[in-house]
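Just below is one structure, and these are the notes that go with it.
The values are calculated or read from the model by the stated rules, or taken from the named source; none is laboratory data. Not measured: the values here are computed from a predicted model. Cβ atoms come from the backbone with ideal geometry, glycine included; neighbour counts cover every protein chain shown.
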Amino acid sequence: MLRSLLLPLSLVACTVHAQEDKILNLYTARHYDTDEALYANFTKATGIKVNRIEAGDEALLERVRNEGANSPADVLLIVDASRLYAADQAGLFAPVKSAVLESRIPKDLRSANGTWFAFSSRARVIVYDKSAVNAADVQRYEDLAAPANKGKVCTRPGSHPYMLSLVASVIAHDGEQKAEEWAKAVVANMARPPRGGDTDQIKGVASGECGIALTNSYYYVRLMRSKKPEDRAIAEKVTLVWPNQSSWGTHMNVSGGGVLRNAPNKDAALKFLEYLASDEAQAYFANGNNEWPVVKTAVAKNPELESLGKFKADALAIAEIATRTPAAQKLVDRAGWR
Ligand code: FE
C-alpha cells in the first residue's frame with residue numbers, strides 16, 4: 001500500500017486494476033483438507049488468488065440472493081441436484097460457453113444451457129443391521145416400503161435436498177402415483193420420526209435403533225477412514241447395499257457449481273471451473289469428500305471407497321432429477337414425510 005502511494009497516479013490505477021483481475025471470490029459449501037492444495041495449485045498455475053467464503057449450502061444461497069447485483073461472489077459451489085436447480089431457477093448463475101467444460105464434464109452431469117456443472121458424484125445407499133433385517137428385504141429403494149420392514153426404517157426429513165433428489169428419481173422411474181404410495185408406506189415403516197443427518201442415520205443402525213437407513217456413500221467412507229476407532233466400529237457394524245442393481249441402478253447425485261450472474265471476475269471464474277475439470281483437480285476434489293470424479297480420465301486413489309466394489313449407477317441425467325424436485329417436495333408433504 002505504502003509503495004503504491006509513491007507511484008504516479010496512472011500506474012497506481014493500473015496496479016489496482018491488475019490486482020482486481022487476479023482475484024477469484026469463491027463461495028463454497030466445501031471445507032476439506034485437500035482443498036488447500038486444490039486452491040494453491042490453481043493460484044500457482046494462473047496467478048489468481050482465491051478468496052474463500054465457506055458456509056453451509058443454504059446460507060450461501062441466501063447470501064448470494066441477498067447480495068444481489070452487489071455480490072462480490074464469482075463462483076458458487078454447492079451440493080445436490082435439487083439445490084443446483086433451485087439456484088439456477090432463481091437466476092443466480094450466468095450461462096457460460098466453454099469447450100473445456102463441455103468436453104470434460106459428461107452431458108448428463110451439467111445443465112443444458114451451461115449454467116451449472118457437476119464436479120464430483122456420490123451415491124445414495126442403503127445401510128442395514130444384518131442381525132435385524134434380511135438382506136433380501138433391502139435390495140431396492142422400493143423395499144423400504146415393504147411390510148417386512150415395519151418399524152425399521154430411519155431417514156432424514158423428506159424435504160432435505162438428499163431425500164428430495166432420491167424421491168425425484170423414484171418419480172422418474174416408477175411414476176408419480178407409485179412414488180407417492182411408496183413414500184407413504186416408507187413413512188409408515190419409520191422406526192422414529194425423521195431427524196438428523198446421514199451420519200446420524202448410520203449411527204442409528206449401528207446402535208440398533210434403526211434396522212435400515214439411507215445415507216450418501218461418502219458419510220460411510222468417512223467413518224471407515226476415521227482416525228477414531230469408535231467411528232470405524234460404527235462402519236463395521238452396518239452393512240452397505242448398492243440399491244436397485246437389478247433394476248434402474250443406484251441413485252447418484254453431485255456436487256457442482258457455476259459462474260454467478262453478478263460475478264465481478266467472470267474470466268477468473270471460468271478459468272477456475274475449467275481448472276476444477278482438470279484431472280489433477282478432479283482427484284483432489286473427489287478425494288476431499290470420498291466421492292468420485294466426474295471426468296472420465298481423472299484417477300482418484302481412495303482404497304476404502306474402492307473396497308466397496310463396483311456397482312450399477314442410475315443413468316438418469318442429473319438435470320432430469322433436478323427438474324422433478326419441486327414435484328418431489330409436494331409429494332413428501334402429502335406423504336407426511338416430515
Ligand atoms: Fe453431505
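Determine if segment 97-116 includes at least one residue that is outside any helix (DSSP H, G or I), within 16 Å of the ligand (Cβ to nearest atom) and within 24 Å of residue 316 (Cα to Cα). Before the answer, list the steps.
Residues of segment 97-116 that are outside any helix (DSSP H, G or I), as a first pass: 97-98, 105-106, 110-116.
When the remaining residues are screened for being within 16 Å of the ligand (Cβ to nearest atom), the result is none.
No, the conditions are met nowhere in segment 97-116.
Applying the criterion of being surrounded by fewer than 20 Cβ atoms within 10 Å (Cβ to Cβ) and away from the ligand (no atom under 12 Å from the Cβ) to the residues of segment 207-228, the residue that is farthest from residue 132 (Cα to Cα) is 227.
For the condition assigned by TED's automatic domain parsing to the domain that holds residue 273 and free of Cβ contacts under 8 Å to residues at least 24 places away in the same chain, what is the one hit in 66, 51? Reasoning before the result, please.
Details: 51 fails: free of Cβ contacts under 8 Å to residues at least 24 places away in the same chain.
From the options 66, 51, the qualifying one is 66.
In this structure, residue 195 does not qualify as in contact with a Lys or Arg (Cβ under 9 Å, 6 or more places away or on another chain), surrounded by fewer than 16 Cβ atoms within 10 Å (Cβ to Cβ) and without any contact (Cβ under 8 Å) to a residue 12 or more places away in the chain.
Any chance segment 70-80 includes a residue that's assigned to a loop (DSSP other than H, G, I, E, B), under 28 Å from residue 223 (Cα atoms), in contact (Cβ under 8 Å) with a residue 12 or more places away in the chain and within 16 Å of the ligand (Cβ to nearest atom)? Explain how you work it out, then say what you get.
Of segment 70-80, the ones assigned to a loop (DSSP other than H, G, I, E, B) are 71-74, 80.
Now restrict to residues that are under 28 Å from residue 223 (Cα atoms): 80.
Next, only the ones that are in contact (Cβ under 8 Å) with a residue 12 or more places away in the chain stay: 80.
Add one more test, that the residue is within 16 Å of the ligand (Cβ to nearest atom), and what stays is 80.
For segment 70-80, residues assigned to a loop (DSSP other than H, G, I, E, B), under 28 Å from residue 223 (Cα atoms), in contact (Cβ under 8 Å) with a residue 12 or more places away in the chain and within 16 Å of the ligand (Cβ to nearest atom): present.
Here's the yes/no breakdown for (1) among the hydroxyl-bearing types (Ser, Thr, Tyr); (2) touching a strand residue (DSSP E or B) at 6+ places or on another chain (Cβ under 9 Å); (3) farther than 30 Å from residue 303 by Cα; (4) away from the ligand (no atom under 14 Å from the Cβ):
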{"residue": "131", "(1), (2), (3), (4)": "yes, no, no, yes"}
{"residue": "140", "(1), (2), (3), (4)": "no, yes, no, yes"}
{"residue": "148", "(1), (2), (3), (4)": "no, no, yes, yes"}
{"residue": "193", "(1), (2), (3), (4)": "no, no, yes, yes"}
{"residue": "196", "(1), (2), (3), (4)": "no, yes, no, no"}
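Return the only residue of 302, 244, 253 being polar (S, T, N, Q), modelled with pLDDT of 95 or more and within 16 Å of the ligand (Cβ to nearest atom).
On the way: 302 fails: within 16 Å of the ligand (Cβ to nearest atom); 244 fails: within 16 Å of the ligand (Cβ to nearest atom).
253 is the lone residue from the list that is polar (S, T, N, Q), modelled with pLDDT of 95 or more and within 16 Å of the ligand (Cβ to nearest atom).
Taken over segment 13-36, the criterion of being at pLDDT below 90 and within 15 Å of residue 284 (Cα to Cα) is satisfied by 31, 32, 33, 34, 35, 36.
For segment 282-300, a tally of residues being closer than 14 Å to residue 39 by Cα and either among the aromatic types (Phe, Trp, Tyr) or in contact with a Cys (Cβ under 7 Å, 6 or more places away or on another chain) (or both) returns 2. Could you list, in sequence order, all residues of segment 117-126 that are farther than 12 Å from residue 251 by Cβ and more than 15 Å from the ligand (Cβ to nearest atom)? Hit for segment 117-126 is 117, nothing else.
Against the list (1) at pLDDT 95 or above; (2) surrounded by fewer than 18 Cβ atoms within 10 Å (Cβ to Cβ); (3) not assigned by TED's automatic domain parsing to the domain that holds residue 190, the condition residue 96 fails is (2).
May I ask you to say which residue of 203, 178 is more than 16 Å from the ligand (Cβ to nearest atom) and basic (Lys, Arg)?
Numbers: 203 fails: more than 16 Å from the ligand (Cβ to nearest atom).
Sole residue among the options that is more than 16 Å from the ligand (Cβ to nearest atom) and basic (Lys, Arg): 178.
Residue 60 falls short on exactly one of the conditions (1) over 24 Å from residue 317 (Cα atoms); (2) assigned to a helix (DSSP H, G or I); (3) over 17 Å from the mean Cα position of the chain (by Cα), and that condition is (3).
Starting from residues that are of a type in the set (D, E, K, R) and touching a Ser or Thr at 6+ places or on another chain (Cβ under 7 Å), keep the ones in segment 269-285 and report whichever is surrounded by the fewest Cβ atoms within 10 Å (Cβ to Cβ).
So the first thing to find is which residues in segment 269-285 are of a type in the set (D, E, K, R), and the list is 271, 274, 279-280.
Checking which are touching a Ser or Thr at 6+ places or on another chain (Cβ under 7 Å) leaves us with 271, 274, 279.
Working: 271: 18, 274: 18, 279: 14.
The qualifying residue surrounded by the fewest Cβ atoms within 10 Å (Cβ to Cβ) is 279.
Of all residues in segment 238-268, those that are surrounded by fewer than 18 Cβ atoms within 10 Å (Cβ to Cβ), of a type outside the set (Val, Ile, Thr) and farther than 25 Å from residue 57 by Cβ total 4.
For segment 156-168, the criterion of being more than 16 Å from the chain's Cα centre (by Cα), of a type in the set (Ser, Thr, Tyr) and within 16 Å of the ligand (Cβ to nearest atom) is satisfied by no residue at all.
Of all residue pairs spaced 6 or more apart or on separate chains, those with beta-carbon atoms under 7 Å, a first member in segment 306-329 that is on the phi < 0 side of the Ramachandran plot and in the same structural domain as residue 240 (by TED's automatic domain parsing) and a second member that is charged (D, E, K, R) and part of a helix (DSSP H, G or I) are 317/108; 318/108; 327/176.
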